[in-house]
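Notes for the one structure printed next.
The values are calculated or read from the model by the stated rules, or taken from the named source; none is laboratory data. Quick caveat, the model's predicted, so the values are computed rather than measured. Because the Cβ atoms are built from the backbone with ideal geometry, glycine has one as well, and the counts that use them run over all protein chains shown.
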Amino acid sequence: MKNSRPTSRGRFGAFAFAIVVPATFIGLAQASESEGPQGSEILEAETRPVVLELGATAPLFSLPTLAGRPWSLAEQAGKAVILEWIDPDCPMVTRQHSPEGSLRLLQKRCEGRRDMAWIAINSSHPSAPQSKEDANRAARESFLIDYPIGLDSTGWVGRAYGAEKATYVVLIDPSGKVAYLGAPDDGRENQLLSQALAHVTQNEPFDGASMPATGCAIRYADGVKLGAALPPLTFRTMDGEILHPHQFLGAPLVIEWFNPLCPVVQAAHQTGGALADAPEAWTAAGARWMFVNSASIGHESTGDRTAKKLAEWGYDDLMVALDPDAKLMEAFGAKVTPHMFVIDGRGVLVYVGGHTEKTNRKMRPLDQLLQAHEEGKLKAMESVPAAFGCSIERE
């Protein structure tokens, strides 16, 4: 039975979810020493998303490549690394890789260097023609690319690095810090990328540089698919603490999109509802349960309303992520509240769907998954009810 403990932020507090830079890929980032804000006005001011910044530690990732071998940023430790976002159909990318293009010329100057690595990344929607393997192979030949092309079909790596356009470029120094963000060099007027690369490869003091990205807009995937790996995302608590989902590896993580004002959410969590005892049952089995509210900053469903409703239901010790910039919503493809996602202990998505069947409210897919977890047989559930409920409030 759920208890009626006093209202509080709980053991983990409320979380602001954003694509930010973790101290390590698996583990806990450095926590802020500041105390958490009190009151909804301050809380809302503190939940603005954190973005990738110069000097921050680059999020680690691994991607499949055209060659069939995974490419891992962790394996490039001690090297300067260039991440280049490409789109085989983008005229700007074609120009940059022409014989006199800046990226092509920089690539030629870097050939054979053992102190650096380079990867092109295609984060296009998997249904887009430019995301197909044949298109990328043709681009590799046409652009004379002799470095790996990473296939970011989920779009999680692109989102983690703030890539909005091809030809967006990120330079990471040998210590793993971000040294450059933005457009590549453009003729004689802009040589910032080349200058940044010279500084970091010669171990010279460098504060970093950036230029507004140019090129073709990246169309990302609508959401995650079963079998996808946990993305390189982190989230921040109201206390300023930065946490990384990978610290929870080893046990399942249940993510529920949540709005305390939604009648469907309320019915699901009230006595007899499809989710009434689910958070308690999952956490008792060693799993984690995280609520996500993707409403815009200042919306009436955020702030103290969320904390009060969760305390009323006895959930005040569970994790709550506030996603005011909709980065998490876009990455997972959440459409309504409640919308359910389950990630197993390996960090692999095994469930995407509804909390119950719309025409059969006795159907409890989360209970079936919990039983499978307790039996050591948790795996992807492909036949699932569609998510239904209230649209996510973005105004």
Among F25, F15, the single one that is aromatic (F, W, Y), part of a strand (DSSP E or B), crowded, with 16+ Cβ neighbours inside 10 Å and modelled with pLDDT under 85 is F15
Looking for something surrounded by 16 or more Cβ atoms within 10 Å (Cβ to Cβ) and in contact with a Lys or Arg (Cβ under 6 Å, 6 or more places away or on another chain) - is there at least one such residue anywhere in region 361-382?
no
For residues that are free of Cβ contacts under 8 Å to residues at least 60 places away in the same chain and assigned to a helix (DSSP H, G or I), tally how many sit in region 252-285.
6
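Yes/no matrix, rows are residues, columns are (1) modelled with pLDDT of 90 or more; (2) assigned to a helix (DSSP H, G or I); (3) assigned by TED's automatic domain parsing to the domain that holds L261:
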{"residue": "A295", "(1), (2), (3)": "no, no, yes"}
{"residue": "S301", "(1), (2), (3)": "no, no, yes"}
{"residue": "K308", "(1), (2), (3)": "no, yes, yes"}
{"residue": "Y315", "(1), (2), (3)": "no, no, yes"}
{"residue": "A331", "(1), (2), (3)": "no, yes, yes"}
{"residue": "V352", "(1), (2), (3)": "yes, no, yes"}
{"residue": "E382", "(1), (2), (3)": "no, no, yes"}
Any residue in region 157-183 that's within 22 Å of F332 (Cα to Cα): show its pairings with residues that are assigned to a helix (DSSP H, G or I) and among the basic types (K, R) at Cβ separation under 8 Å, as long as the two are six or more apart or on different chains.
R159/K327
Among the residues of region 146-172 satisfying the criterion of being among the hydroxyl-bearing types (S, T, Y), over 12 Å from the mean Cα position of the chain (by Cα) and farther than 14 Å from S210 by Cβ, which is modelled with the highest pLDDT?
Y147
T94, sole failed condition from (1) modelled with pLDDT under 90; (2) under 29 Å from the mean Cα position of the chain (by Cα):
(1)
Residue match in region 109-128 (condition: modelled with pLDDT of 90 or more, in a helix (DSSP H, G or I) and surrounded by 15 or more Cβ atoms within 10 Å (Cβ to Cβ))
no
Have a look at A251, A287, A278 and point out the one that is aliphatic (A, V, I, L, M), closer than 26 Å to T154 by Cβ and more than 20 Å from the chain's Cα centre (by Cα).
A287
Could you look through region 79-108, keep only residues that are outside any loop (DSSP other than H, G, I, E, B) and polar (S, T, N, Q), and pick out the one that is farthest from L197 (Cα to Cα)?
T94
Scan region 268-289 for residues that are more than 16 Å from G314 (Cβ to Cβ) and either surrounded by 18 or more Cβ atoms within 10 Å (Cβ to Cβ) or among the acidic types (D, E) (or both) and jot them down.
A274, A287, R288
May I ask you to list the residues in region 369-380 that are in a loop (DSSP other than H, G, I, E, B) and either of a type in the set (F, W, Y) or without any contact (Cβ under 8 Å) to a residue 40 or more places away in the chain (or both)?
E375, G376, K377, K379
Is there a residue in region 319-330 that is over 24 Å from E393 (Cβ atoms) and either touching a strand residue (DSSP E or B) at 6+ places or on another chain (Cβ under 6 Å) or surrounded by fewer than 21 Cβ atoms within 10 Å (Cβ to Cβ) (or both)?
no
